[in-house]
Amino acid sequence: MRKLITSAVIMGCMVLGAPTLSHASYTDTRHPIVLVHGVTGFNTIGGLINYFHNIPWNLERSGAQVYSASVSFVNGSQQRGQQLANYVNGLGHSKVNLMAHSQGAPTSRVTAALIPHKIASITSINGVNKGSKVADVVRGIIPPGSYVEGGAQAIANALGDLVNALSNSNNPQDGLAALETLTTRGTTNLNNALGWKGVNRWSCSGTAEDQWINGNRVKMFSWTGKAVYTNWTDISDPFLGITSLAFGNEDSDGLVGVCATKMGNVIGTHYDMNHVDAINHIFGARSWWTNPVSLYRSQANRLKNRGL
């Protein structure tokens, strides 16, 4: 009788399109997943708009415990890394898996340097691990100490304060520090300070998956896309088309060069996906050929299979 009931449940799930029992724990990692937003990011706006759109739900629906961290909208990676460390400590878990987009990747590596015993893994998603040529260009055209720089700083900080209000946060803002830390020079200085853990100093490649930080093993992974225009309905594509000019003939996602994203075990760099697609925005407008949600789910399963 028990076998008949189990078979009926499985068949019912298949008919209704729900996950079967064999897939119900597909993303059930040992340690919780913490999603980390990039520059000009947030966790949620008014509890309605999530930086990672519907990715948290798609991880949770088959077993994952997911948190969306809140760090500064604009600030240096060191400052954001300390904020993330405070957030992780406040969760009360022995370890967490960080999945980080854009500036979230160097932010997470700072956190791992501060609390390596709390970080099981870091997954960099279109991460700025060796800087962005777009940041280099912007830094080059804004004269240091000028009224233009002061005005840009004021606007960036004001936007950050607005996001604080809308997301019920109280994170400090520093637009100039954010710009500086994302340049090639700024990220190189950060990598020097972090001992180049997970980032290859010498070549366009990843590193070993296992990175040892103060005697603690932290597994590191990365992936990125190399497309700019991916969906004609996506209003962010034309903007990325302009910013991609900074890379010339180099493959990029519109904001970060492919080589600059590689960290640890490189899962893939061939995806038809730009910098905004990587978080399944704007509201799921993406390429037909790459579904970013499936990348997050596959990575959660990979972490699960490694006992993380």
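The values are calculated or read from the model by the stated rules, or taken from the named source; none is laboratory data. None of these values were measured; they are calculated from a predicted model. Every residue, glycine among them, receives a Cβ derived from its backbone with ideal geometry; neighbour counts consider all protein chains shown.
Just for the range 48-74: of the residues that are surrounded by fewer than 21 Cβ atoms within 10 Å (Cβ to Cβ) and aliphatic (A, V, I, L, M), which one is nearest to N192 (Cα to Cα)?
Taking the candidates together, the pick is I49.
Consider N301 carefully, then state whether it is buried (at least 21 other Cβ atoms within 10 Å of the Cβ), under 19 Å from the mean Cα position of the chain (by Cα) and either outside any loop (DSSP other than H, G, I, E, B) or in contact (Cβ under 8 Å) with a residue 24 or more places away in the chain (or both). If you could, list the steps in order and put the result at the bottom.
On the way: buried (at least 21 other Cβ atoms within 10 Å of the Cβ): no; under 19 Å from the mean Cα position of the chain (by Cα): yes; either outside any loop (DSSP other than H, G, I, E, B) or in contact (Cβ under 8 Å) with a residue 24 or more places away in the chain (or both): yes.
No: the conditions fail for N301.
Can you pull out every residue in the range 183-196 that is among the hydrophobic types (A, V, I, L, M, F, W, C) and surrounded by fewer than 15 Cβ atoms within 10 Å (Cβ to Cβ)?
A193 - this is the single residue of the range 183-196 that is among the hydrophobic types (A, V, I, L, M, F, W, C) and surrounded by fewer than 15 Cβ atoms within 10 Å (Cβ to Cβ).
Answer yes if at least one residue in the range 217-230 is farther than 22 Å from A120 by Cα and out of contact with any strand residue (DSSP E or B) (no Cβ under 9 Å at 6 or more places or on another chain), and no otherwise.
For the range 217-230, residues farther than 22 Å from A120 by Cα and out of contact with any strand residue (DSSP E or B) (no Cβ under 9 Å at 6 or more places or on another chain): present.
For the range 199-210, state whether one or more residues are within 25 Å of K118 (Cβ to Cβ) and touching a Pro at 6+ places or on another chain (Cβ under 6 Å).
The answer is no; no qualifying residue exists.
Quick one: what pairs do we get from the range 138-153, first residue modelled with pLDDT of 85 or more, second among the small types (G, A, S) and not in a loop (DSSP other than H, G, I, E, B), C-beta under 8 Å, 6+ apart or different chains?
I142/A152; A152/G175; Q153/G175
What are the pairs with Cβ atoms under 9 angstrom where one residue, in the range 75-92, is surrounded by fewer than 23 Cβ atoms within 10 Å (Cβ to Cβ) and the other, located anywhere, is among the acidic types (D, E) and in a helix (DSSP H, G or I)? Sequence gap at least six, or different chains.
none
Is it the case, given these coordinates, that K118 is at pLDDT 95 or above, of a type in the set (D, E, K, R) and more than 27 Å from F247 (Cβ to Cβ)?
yes
Return the residues of the range 253-284 that are polar (S, T, N, Q) and farther than 25 Å from L48 by Cβ; say none if nothing qualifies.
Of the range 253-284, the ones polar (S, T, N, Q) are 261, 265, 269, 274, 280.
Hits for the range 253-284 are T261, N265, T269.
Could you say whether any residue in the range 179-189 is under 22 Å from T224 (Cβ atoms) and in a loop (DSSP other than H, G, I, E, B)? Step through it out loud before you land on a result.
So the first thing to find is which residues in the range 179-189 are under 22 Å from T224 (Cβ atoms), and the list is 179, 181-188.
Those still in the list that are in a loop (DSSP other than H, G, I, E, B) too: 183.
Among the residues of the range 179-189, at least one is under 22 Å from T224 (Cβ atoms) and in a loop (DSSP other than H, G, I, E, B), which makes the answer yes.
Filter the range 276-291 down to the residues that are among the hydrophobic types (A, V, I, L, M, F, W, C) and outside any loop (DSSP other than H, G, I, E, B), then identify the one that is surrounded by the most Cβ atoms within 10 Å (Cβ to Cβ).
Looking at residues that are among the hydrophobic types (A, V, I, L, M, F, W, C) and outside any loop (DSSP other than H, G, I, E, B), I get A278.
Quick one: in the range 1-35, which of the residues that are touching a Phe, Trp or Tyr at 6+ places or on another chain (Cβ under 9 Å) and modelled with pLDDT of 75 or more is surrounded by the most Cβ atoms within 10 Å (Cβ to Cβ)?
Result: I33.
How do the pairs read when you match residues in the range 234-259 that are closer than 21 Å to G206 by Cα and touching a residue at least 24 places away in the same chain (Cβ under 8 Å) with residues anywhere that are part of a helix (DSSP H, G or I) and of a type in the set (S, T, Y), using Cβ under 6 Å and keeping only pairs 6 or more apart or on different chains?
If the second residue must be part of a helix (DSSP H, G or I) and of a type in the set (S, T, Y), the pairs left are S252/S244; G254/T243; G254/S244; L255/T243.
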